[in-house]
Amino acid sequence: MSRRRVIPNVKTYSSVAHALGKADPERAIRWFQAHYRQTSRNLYVWAAVVGAVGRTNRCVLSTVERMRKHGVTPDQGVYGTALAAACRQQNIGGAQSLLESMRKDRVFVNERHATTLLAAYIKTDNTRLATELVAEVEREKSFNPSREFLSVQARLLCKTGSDAVQFVTRFAPGRIPDPTFVGLALVCDADNDLASAMQLLTHVSQPQLCAVAFMHCMKLAARVGTFSDVTHVFEQMGAGRDLAAWTAYLAQHAKQRVGNVLRLIDRMEAEGIPRTTSVYRKAIESAEECMEFSDARLLLALARSENLRIVSTIAAL
């Protein structure tokens, strides 16, 4: 039986290139050079090679230009891979060149490209380019940002100090990842903007995921607002109230001389929050400031029954 020589087709070359590109980028580049004549017009092979070059931390721009010289126009996928490689290397100039090439080739800048570029611009403190990119993307009629894009855009707001509330209210509740609110709360905190901070909190869907944001707002309320504002933020935390939040609230409770601190201690116990030495200190301090000495003595006795060392001159009388 005679043996026939099987000539690989386009699909075979593409499969080999992608497999090598993922497993061994250096070998993929050598393979491409060895089979250059057969593969130089194959878009899918070029896509694999661009990915392999990017994984070896080499400059992908020359590979994309070489691809264009052979009459193969990069598509969205190739440009996306090249942009990701350039941004990973923090080669902003290269990323800008690729973006200009995309515009010349009339390749649509999709959300994946925009998110990659925006994150790189922010990381390298290119806020002007980041702001221009957001404006360009938002002009598209089909603009429908994902949670990832919104999360990166929020980081831009934190750098530029833009209106965080306007950003949040533009999109449907639940679209913005809850941890993103931490950075936005910091923007409000830096501006002493309590009204905006409290409005931001109304959009948080899962308070337990952004207790830090609530803590920043509590500190802001304590600094520029009233104890009622502090209480409002504290109550909004709901399931996000932890030991740190309770300790901070008790500190404000003592400072404002509100009284009836035993009620708070009972609430803590009901929510399963451990009563630590710090908690008892703040609670006793609150009772003493309000001249509720019987409550202070009771709290001191409770603390000592739990083998906690508390020093209180008034409560010990």
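The values are calculated or read from the model by the stated rules, or taken from the named source; none is laboratory data. All values reported here derive from a predicted model rather than from experimental measurement. Backbone-built Cβ (ideal geometry, glycine too); neighbour counts: all protein chains shown. Please note that ligands, DNA and RNA were not included when accessible areas were found on the heavy atoms of the full protein model with its side chains. Shrake-Rupley method; radii C 1.70, N 1.55, O 1.52, S 1.80 Å.
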Legend entry - Sparse-neighbour loop sites [chymotrypsin sites (Phe, Trp or Tyr not before Pro); segment 70-154; at most 16 other C-beta within 10 Å; DSSP]: PHE108, PHE143
Inset, instruction - Extending each Cα 7 Å along its Cβ direction at ARG128 and VAL224, get the distance between those two points in nm, one decimal. - result: 3.0 nm
Legend entry - Per-residue ³J(HN,Hα) for segment 72-83, Karplus 6.51 cos²θ - 1.76 cosθ + 1.60, θ = phi - 60°, Hz, x for Gly and Pro: 9, 7, x, 9, 4, x, 5, 4, x, 5, 5, 4
Inset, instruction - Can you pull the one-decimal nm distance between simple spin-label points at THR160 and GLU65, each 7 Å off the Cα toward Cβ? - result: 3.1 nm
Inset, instruction - Pop the C-beta distance of GLU138 and ARG30 into the FRET formula with R0 = 35 Å and round what comes out to the nearest 0.05. - result: 0.20
Inset, instruction - Report ³J(HN,Hα) in whole Hz for each residue of segment 234-249, in order, from the Karplus equation J = 6.51 cos²θ - 1.76 cosθ + 1.60 where θ = phi - 60°; Gly and Pro get x. - result: 4, 5, 5, 4, x, 5, x, 5, 10, 4, 4, 5, 5, 4, 5, 5
Legend entry - Cα gyration tensor shape for segment 203-249, rounded if a/c is under 1.5, else prolate or oblate: prolate
Legend entry - Stretch gain in nm, segment ASP75-ARG267, where the contour uses 0.36 nm per residue and the Cα spacing is subtracted: 63.1 nm
Inset, instruction - Using a 1.4 Å probe over the heavy atoms of the protein chains, calculate the carbon and sulfur portion of the accessible area of segment 64-167 as a whole percent. - result: 45 percent
Inset, instruction - Rank by packing, highest mean first: peptides 68-76, 222-230, 296-304, with packing defined as the count of other Cβ atoms within 10 Å averaged across residues. - result: 296-304, 222-230, 68-76
Legend entry - Tensor-based shape of segment 218-317 (alpha-carbon gyration tensor, a/c under 1.5 rounded, otherwise prolate or oblate): oblate
Inset, instruction - Normalise the Debye intensity by I(0) for segment 88-146, one equal point scatterer per Cα, no solvent, then take log10 at q = 0.13, 0.20, 0.24, 0.27 Å⁻¹ and round to two decimals. - result: -0.31, -0.75, -1.07, -1.30
